[in-house]
Amino acid sequence: MKVELQVIGSSLRSIAEEMGAVLIRSSFSANIKERRDCSTALFDERGRMIAQAEHIPVHLGALPDAVAAVRAHGPASEEVFILNDPYTGGTHLPDITLVSRTAVGFAATRAHHADVGAAEPGSLPAGSRRLDEEGVVIPPTRLDEATLDDLTARMRNPDERRGDLRAQLAANRLASHRVEELCARRGREQVVAAMDELHDYAERSVRAAIAALPDGRYEASDVLEAQEGDLELRTAVTIAGDGLEIDFAGTAAQHDGNLNCPLAVTRSACYFVVRCLTDPDAPASGGAFAPITISAPEGSLVNARPPAAVAAGNVETSSRIADVVFLALGEAIDVPAQGQGTMNNLTLGNDRFTYYETIGGGQGACPDADGPSAVHVAMSNTLSTPTEALELAYPIRVERNALRLGSGGAGRHRGGDGVVRELRVLEPCRLSIVSERRRHAPQGRNGGDPGAPGRNLLNGEELAPKITRALAPGDVVRIETPGGGGYGSPGLPPS
C-alpha cells in the first residue's frame with residue numbers, strides 16, 4: 001500500500017505540475033508566460049486540496065476558498081466556473097480563477113492577468129478605495145463562450161485576456177484527462193483512498209512538527225506604510241500540543257485605501273510561514289493546514305468587509321503578515337532575519353498595452369548562511385521578465401537591471417542585496433507603484449544590521465511607496481528594492 005500511495009501521490013503532483021506547464025506555455029501575456037504568475041492544484045470531492053504545483057504561495061493557500069465557493073453552486077461534470085471576487089473565493093481582481101470537475105474532485109487554475117478593466121491600466125491602482133474601482137468583479141459564474149466574450153470585452157487588450165483564459169481552460173481540461181487516465185490505471189477507489197491518505201499524512205507530519213515546538217504564546221507587531229501614515233499589524237501565536245493558533249486581535253481597522261486583505265489571503269500568509277517552520281517536505285496538501293487555526297477581527301485590515309478595496313492587500317499586506325508571524329514565532333524558535341517584505345509592484349500601461357511585474361530583492365540572513373540576493377520569495381515566488389521579452393512586447397526599454405550592492409544588512413552573516421531596475425517608457429502611459437519597506441527597513445536578527453529600505457524614483461525625483469501618475473515618452477522609472485537584514489553581530493566569526 002505504501003508503494004501504491006507513493007505512485008498515486010507522485011502522479012497527482014505530476015498532473016498539477018503539468019497543468020502549470022500547459023498554462024505557462026499556452027498563455028499570451030508576459031506576466032504568465034515569462035514571470036509565471038500563476039498556480040495550479042487538484043482537490044478531492046470534499047474540496048480539500050490534495051496536490052499543488054510549487055507556484056505562488058498567496059494563490060495556493062487561498063484556492064480552497066475558491067473551490068468551496070464553486071462547490072456551493074453544484075457544478076456539473078462538464079462545467080467550468082470563473083471567479084475573481086475576493087469576498088467569494090478570490091484574492092484580488094487581477095487573479096482570475098477557473099474551477100472544473102474531475103473524475104475524483106476538482107481542478108483549479110489561478111493566474112494574474114495584466115488588466116481586468118480598472119480605471120488605471122494594469123488594474124493595480126495605488127489609490128483605489130472600493131473594490132469596483134479595481135476592475136471587473138466576477139462572482140462564481142459558469143463560463144461559456146458568451147461569458148468569456150462579455151468579460152474580456154470589458155478589459156484592456158481583450159485578445160490577450162482571451163488567450164490567457166483559454167490557456168487556463170486548457171490546463172483545466174488536461175487535468176480532467178490525466179485524472180481519468182490515472183483512475184483507469186489504478187482504479188477510482190484506489191485513487192480516492194490515496195487522496196484521503198495524502199491529506200491525512202500531511203496533517204500528521206505538520207502536527208508532529210508543531211508538537212516539537214515549545215508551547216506558549218508569542219506576540220509581535222509591525223506596520224504597513226499607508227499613504228496617510230503607518231497601520232499596525234498585531235499577532236499572537238499560541239502553540240499548544242500539536243495545534244497552533246494565530247490571532248490578529250489588535251490589528252488596525254480595515255483601510256480606507258486598498259491595503260485590505262480578505263481572510264483567505266491572511267490564511268495563505270499564515271499557512272506559508274507554518275509550512276516553512278515545521279515540515280516543508282510534507283506533502284503540499286490541505287492537510288498541512290488542518291492543525292492551524294486563524295482568527296482575525298471582522299472589519300480589520302486582515303479580514304476586511306466588502307466593498308473594501310484589496311488590490312495591495314493581496315501583494316503587500318500578505319507579505320507583511322508573513323513577516324509579523326515569522327517575528328512572533330522567532331520568540332519560540334530561531335528564524336532568519338527579515339527579507340525585503342514587499343513585491344515591489346510596478347504597472348505601466350495605456351489603452352494599447354498593459355505591463356505588470358514584481359521585482360525581487362534581498363532576503364534575510366540565516367543562522368548559518370548569508371541571505372540570497374535579488375530573489376522573489378515568500379508570498380511571490382515568481383520570475384523576472386527577461387529584458388528581451390519585455391522590450392520586444394512593450395514600448396519600454398530596460399536601462400539598468402543590477403544588484404543594489406551593499407543594501408543587505410551587515411552581520412555575522414550578511415543579508416542579501418536588493419535590485420536596481422530602471423525602465424524608460426517610449427510612449428505616453430500611466431504608472432502605478434505599490435510597494436512596502438520604503439519608510440521602515442527590514443530588520444536584522446540577533447545583532448545583525450537592518451537592510452537598506454527601498455526607493456522609488458521618477459527621473460531622479462523620490463516617489464512615495466504607493467503612487468499613480470502619468471508618464472511622458474523618455475521618462476525613467478527607477479526602483480531600488482530593499483536588502484535583507486543581517487544575522488548576528490558584525491565582526492563576530494560564524495558559529
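For Val80, what residues show an amide H to amide H distance below 5 Å, using hydrogens built from the backbone and excluding near sequence neighbours?
Leu143
So for the pair Glu461, Glu181, with labels modelled 7 Å out along Cα→Cβ, what separation do we get in nm?
That separation, rounded to one decimal, is 5.7 nm.
List every residue whose amide H lies under 5 Å from the amide H of Ile294, counting only residues 5 or more places away in sequence or on a different chain, with H placed 1.01 Å from N in the peptide plane.
Ile246
In cubic angstrom, how much convex hull volume per residue do the alpha carbon atoms of the chain span?
Working: hull volume 65.7 nm³, N = 495.
Value for the chain: 133 Å³ per residue.
Set the Förster distance to 25 Å, then compute FRET efficiency between Ala472 and Arg439 from the Cβ-Cβ distance, nearest 0.05. Can you show the working numbers first?
Details: r = 28 Å, r/R0 = 1.12.
With R0 = 25 Å, the Cβ-Cβ based efficiency is 0.35.
Sort Met343, Met155 so the one with the fewest other Cβ atoms within 10 Å of its own Cβ comes first. Mind showing how you got there, number by number?
Values: Met343 27, Met155 22.
Fewest-to-most Cβ neighbours within 10 Å comes out as Met155, Met343.
Quickly work out the Glu189-to-Glu79 label distance, labels modelled 7 Å from Cα along the C-beta direction, and quote it in nm with one decimal.
3.0 nm
Find, among the trypsin sites (Lys or Arg not before Pro) in the range 335-409, those assigned to loop by DSSP (not H, G, I, E, B) with at most 14 other beta-carbon atoms within 10 angstrom. Kindly include the intermediate steps, with their values, before the conclusion.
On the way: sites: Arg352, Arg397, Arg400, Arg404; in loops: Arg352.
Filter output for the range 335-409: Arg352.
Non-local amide H neighbours of Leu463 (under 5 Å, H modeled in plane, Pro and chain starts lacking H): which ones?
Result for Leu463 returns Asn456, Leu457, Leu458.
Any idea what the dipole of the chain comes to, in debye rounded to 20, about its Cα centre with Lys/Arg Cβ at +1 and Asp/Glu Cβ at -1?
Values: 49 positive and 66 negative charges, 97 e Å.
Here the chain has a charge dipole of around 460 debye.
Neighbour counts of other C-beta atoms within 10 Å: give me His413, His113 arranged from fewest to most.
Working: His413 27, His113 31.
Ordered from fewest to most neighbouring Cβ atoms within 10 Å, His413, His113 come out as His413, His113.
Using θ = phi - 60° and the Karplus form 6.51 cos²θ - 1.76 cosθ + 1.60, what ³J(HN,Hα) does each residue of the range 148-165 get, whole Hz, x for Gly and Pro?
Listing the rounded values in order: 4, 5, 5, 5, 5, 5, 8, 10, 6, 6, x, 5, 5, 4, 4, x, 5, 5 Hz.
Between Val3 and Ala240, what is 0.36 nm times their sequence separation minus the Cα-Cα distance? Round to one decimal in nm.
On the way: separation 237, 0.36 × 237 = 85.32 nm, distance 3.39 nm.
Contour length minus the Cα-Cα distance gives 81.9 nm.
Using DSSP to define loop residues, name the trypsin sites (Lys or Arg not before Pro) in the range 11-107 whose beta-carbon has at most 16 other beta-carbon atoms within 10 Å. Could the numbers behind the result be given before it?
Values: sites: Arg13, Arg25, Lys33, Arg35, Arg36, Arg46, Arg48, Arg71, Arg101; in loops: Arg35, Arg36, Arg46, Arg48.
Hits after loop and neighbour filter: Arg46.
Quick one: putting +1 on the C-beta of Lys and Arg, -1 on the C-beta of Asp and Glu, what dipole do you get for the range 2-202 around its Cα centre, in Debye to the nearest 20? Display every interim value, and only then the final one.
Details: 24 positive and 31 negative charges, 56 e Å.
The calculation lands at about 260 debye.
Evaluate E = 1/(1 + (r/R0)^6) for Asp334 and Leu383, where r is the Cβ-Cβ distance and R0 equals 25 Å; express this FRET efficiency to the nearest 0.05.
With R0 = 25 Å, the Cβ-Cβ based efficiency is 0.25.
Which FRET efficiency value, to the nearest 0.05, is calculated for Arg46 and Arg166 with the Förster distance at 41 angstrom and r the Cβ-Cβ distance?
Details: r = 29 Å, r/R0 = 0.71.
Efficiency, from the Cβ-Cβ distance: 0.90.
So, with +1 on the Cβ of K and R and -1 on the Cβ of D and E, and no other charges, what is the size of the charge dipole of the range 336-495 about its Cα centre, to the nearest 20 debye?
Values: 17 positive and 16 negative charges, 68 e Å.
I would put it at about 320 debye.
Expressed in nm to one decimal, what extension gain is obtained for the pair Glu232 and Arg400 from 0.36 nm per residue of sequence separation less their Cα-Cα distance?
Details: separation 168, 0.36 × 168 = 60.48 nm, distance 3.50 nm.
That pair, Glu232 and Arg400, stretches by 57.0 nm at full extension.
Please provide three numbers in whole Å: the alpha-carbon extents of the range 336-495 along the principal axes, with the largest listed first.
Principal extents (largest minus smallest coordinate, Cα): 55, 27, 24 Å.
Where does each of Ser77, Ser489 land when they are ranked from fewest to most other beta-carbon atoms within 10 angstrom? List each step's numbers first, then the result.
Values: Ser77 9, Ser489 14.
Fewest-to-most ranking of Ser77, Ser489: Ser77, Ser489.
Translational diffusion coefficient of the range 2-202 at 4 °C, 1.567 mPa s, Stokes-Einstein with Kirkwood Rh over Cα pairs, in µm²/s as a whole number. Walk me through the numbers on the way to the answer.
Numbers: Rh = 16.9 Å.
Value of D from the Cα-based Kirkwood radius: 77 µm²/s.
We did not get these values from a lab; they are worked out from the coordinates using the rules stated. None of the values given here were measured: they were computed from a predicted structure. In this analysis, Cβ positions are derived from the backbone assuming ideal geometry, glycine residues included, and neighbour counts consider all displayed protein chains.
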